[in-house]
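Okay, so here's the structure we're looking at.
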Amino acid sequence: MRAYLLLEDGSIFEGNQRGAFHETACEVVFNTSMTGYLEVLTDPSYAGQGVVMTYPMIGNYGISREDFESLRLQPCALIVHELCDKPSNFRCTQPLEEILLEFNIPCICNVDTRAVVKKLREKGTMRGVITDNISNMPRLMDVISSFKQIRLVESVSIEQSMTFGMENTGHSVALLDCGTLNNLQQALVSRGCKVTLYPSFTTAQEIMAGKHDGLMLSSGPGDPAHNADIIKEIKKLYDLSLPTFGVGLGHQLMALATGGKTQKMEQGHRGTNYPVKFLNQDKTYITAQNHGYMVSAEGLPENAEINCINVNDKTVEGIVYHGKPVVTVQFYPSASPGVQGTAFLFDRFITMMEDGQYND
């Protein structure tokens, strides 16, 4: 059956219905990854979004639940050129469409995804609606204009704290769940840390009561400025000098907590091929990223040093807060799409918990 993607500028793209098809409004974004579609679909940072995959065939190696980055699929919708019906992979347990049906995620296939991405590159990220009927355009445009993304972090965060690596005797780390990826706690547990995952609404007092050696601020979805209560608690922890490592949304929340500013990007960074230069090392690493907002280089506190920048657009990718044991990065250090990954940042975080300062 036919399906349509209608963007807020009136553009219409035709395709076919797949997955658990139903009319859905969303923010339409694109991801440039050639592989890793399961990690994309289970990344909480995609909450409230319809994801256009630029690679022409998606689903060719099927689904392996071991690769889930969260408990469920996160986007509102999936838009692809071709959806593979017969995956081939020794780890595959089911085809992609089955899991789309399981989690009630609509999909449009046979879409000219190159045309969609070109439109988004020219005009920036837009809201849209996926539907099977475009006869009533005024109603659909009203659906698009009324779509809002609110309380996204709350929708993807856990409700009760839980602990990983109970048998570990290394450092105790509090991980604030703003939409965390499983590989973040796995990276810490594999380094001997005992990790306590806290809901996003946890207060600074509750975290300090846990007598943790350090704090990790996770990635997550949406506009960082919409999280005033979380920002207030992060500022308290910053003032208490708890060693802190922020990633993705956590990087942005720390900037706001210390008086910095964030702004919406035209297209955002979503993919596995973003070059980031470490200024103090004069080295460049290929990173995985997923964000539509960025930290502004202007307005940061005096003790904040920008130590990483994006090679392509010169945006802020990392900040060291001198005088405080605090460092944050915009990219995912636990992902290693390049020959040399940035997982060494977890080791530096562990050293920072021991020494009380970050060594670049």
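Of all the criteria given as (1) under 17 Å from the mean Cα position of the chain (by Cα); (2) buried (at least 21 other Cβ atoms within 10 Å of the Cβ), the one not satisfied by MET265 is (2).
The set of residues in the range 310-334 that are out of contact with any helix residue (DSSP H, G or I) (no Cβ under 6 Å at 6 or more places or on another chain), assigned to a loop (DSSP other than H, G, I, E, B) and more than 17 Å from LYS283 (Cβ to Cβ) comprises ASP313, THR315, HIS322, GLY323, LYS324. The listed residues are ALA209, ALA257, and the only one of them that is more than 20 Å from the chain's Cα centre (by Cα) and not charged (D, E, K, R) turns out to be ALA209.
Taken over the range 313-343, the criterion of being at pLDDT below 95 and either farther than 30 Å from THR35 by Cα or exposed (fewer than 15 other Cβ atoms within 10 Å of the Cβ) (or both) is satisfied by VAL339, GLN340.
Of all the numbered requirements in (1) farther than 19 Å from GLY248 by Cβ; (2) out of contact with any His (no Cβ under 9 Å at 6 or more places or on another chain); (3) part of a loop (DSSP other than H, G, I, E, B), THR351 misses one, and that requirement is (3). Taken over the range 236-257, the criterion of being out of contact with any Gly (no Cβ under 9 Å at 6 or more places or on another chain), farther than 20 Å from PRO44 by Cβ and not small (Gly, Ala, Ser) is satisfied by LYS236, LEU237, TYR238, ASP239, LEU240.
Among the residues of the range 52-74, write down those that are within 21 Å of ILE150 (Cα to Cα) and either of a type in the set (Gly, Ala, Ser) or touching a residue at least 60 places away in the same chain (Cβ under 8 Å) (or both). Correct list: SER70, GLN74.
Scanning the range 196-240 for residues that are part of a helix (DSSP H, G or I), of a type outside the set (Val, Ile, Thr), touching a residue at least 12 places away in the same chain (Cβ under 8 Å) and touching a strand residue (DSSP E or B) at 6+ places or on another chain (Cβ under 8 Å) yields PRO224, ALA225, LEU237, TYR238. Anything in the range 301-360 that is small (Gly, Ala, Ser) and touching a residue at least 60 places away in the same chain (Cβ under 8 Å)? List them, or say none. Selection gives GLY318, SER334, ALA335, ALA343, GLY356. Taken over the range 120-141, the residue count meeting the criterion of being over 18 Å from PRO106 (Cα atoms) and either touching an Asp or Glu at 6+ places or on another chain (Cβ under 7 Å) or among the β-branched types (Val, Ile, Thr) (or both) is 4.
Screening the candidates THR42, THR35 for the property of being farther than 18 Å from LEU101 by Cα and among the polar types (S, T, N, Q) yields one hit, THR35. Taking the range 245-285 as the range and being more than 16 Å from ILE309 (Cβ to Cβ) and outside any strand (DSSP E or B) as the test, the residues that pass are GLY248, LEU249, GLY250, LEU253, MET254, LEU256, ALA257, THR258, GLY259, LYS261.
Total residues in the range 239-252 satisfying the condition of being out of contact with any Cys (no Cβ under 7 Å at 6 or more places or on another chain) and buried (at least 19 other Cβ atoms within 10 Å of the Cβ): the figure is 9. For THR262, the conditions (1) closer than 20 Å to TYR46 by Cβ; (2) touching a Gly at 6+ places or on another chain (Cβ under 6 Å); (3) without any contact (Cβ under 8 Å) to a residue 60 or more places away in the chain are fulfilled apart from (2).
Only residues that are assigned to a loop (DSSP other than H, G, I, E, B) and of a type in the set (Phe, Trp, Tyr) were counted in the range 1-24, giving 1.
The values are calculated or read from the model by the stated rules, or taken from the named source; none is laboratory data. Please read all numbers here as calculations on a predicted model, not as lab measurements. Please note: Cβ atoms are built from the backbone with ideal geometry, for glycine as well, and neighbour counts cover all protein chains shown.
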